[in-house]
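Have a look at the structure below before the remarks.
The values are calculated or read from the model by the stated rules, or taken from the named source; none is laboratory data. Because the structure is a prediction, the values reported are computed rather than measured. All Cβ positions, glycine included, derive from the backbone under ideal geometry; neighbour counts span all protein chains shown. Heavy atoms of the whole protein, side chains included, go into the accessibility calculation; ligands, DNA and RNA do not. Shrake-Rupley method; radii C 1.70, N 1.55, O 1.52, S 1.80 Å.
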Amino acid sequence: MDTGNEPPVPADRTEGDGQPAEPGLQGRTRDGRGKFARTIDGARRDAAAAEYLADHPGTTYRELAELFGYYDKGTAWRAIQAVKAEVVRPAVTKLIATESEQLDSLYVMALEIIERNHIVVSHGKVVTMRDPETGEEKPLQDDGPRLQAIQTALRIRDQYQNLHGLKQPAQVAVSGSVRYEVVGVDPEDLT
């Protein structure tokens, strides 16, 4: 709403819709949600600023902002943090991929153990049991290794979910009220 008392906005300080642009942010593109989008030129500038900061350790973020054209020291700091995250991201992604492959291999091994037939062995001999239908001696099946492999497979899946951030934190809703009652005192005596 125009009241007529607003200071004039210089022509280079407006965005496409005529609204004043934030200082130092002219020409920056926005994504579909209205947030500033990272551009290749911005990424290059941020990388150059990070390299400069590494070569000149005593440089302040205010000096960095002046040298590289950031709006203020906070913007310069955020740019350096973004570069740090981008540099670390490929290594972290590779580590997650490697650990995922290892967990996948372990999971396949656990599934193979689950699918095998396990027989009971006691004192080095196979324990057999007579089949009531055929009368023939058959090895007694041992479910222990299969159950252990199932538990192992579940733990591997749990680790995989943790690694990829698939678990959602538990949400707890608390509601209610507290009522205090003084026992042994007549309310009339309190007034």
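Mind checking whether some residue in region 157-165 is modelled with pLDDT under 90, aliphatic (A, V, I, L, M) and loosely packed, with under 11 Cβ neighbours inside 10 Å? No, region 157-165 contains no residue that is modelled with pLDDT under 90, aliphatic (A, V, I, L, M) and loosely packed, with under 11 Cβ neighbours inside 10 Å. Of all the listed residues (36, 68), the sole one being at pLDDT below 80, over 30 Å from residue 148 (Cα atoms) and aromatic (Phe, Trp, Tyr) is 36.
On the basis of being basic (Lys, Arg) and open to solvent by less than 90 Å² (accessible area, probe 1.4 Å), does residue 146 make the cut? Taking the combined requirement at face value, the residue satisfies it.
Condition check: more than 30 Å from residue 42 (Cα to Cα) and of a type in the set (Lys, Arg). Does residue 62 satisfy that? Judged against the criteria, residue 62 is not a match.
Restricting the search to region 122-158, which residues are among the β-branched types (Val, Ile, Thr) and within 16 Å of residue 112 (Cα to Cα)? Once the filter is applied, which keeps residues that are among the β-branched types (Val, Ile, Thr) and within 16 Å of residue 112 (Cα to Cα), region 122-158 yields 150, 152, 156.
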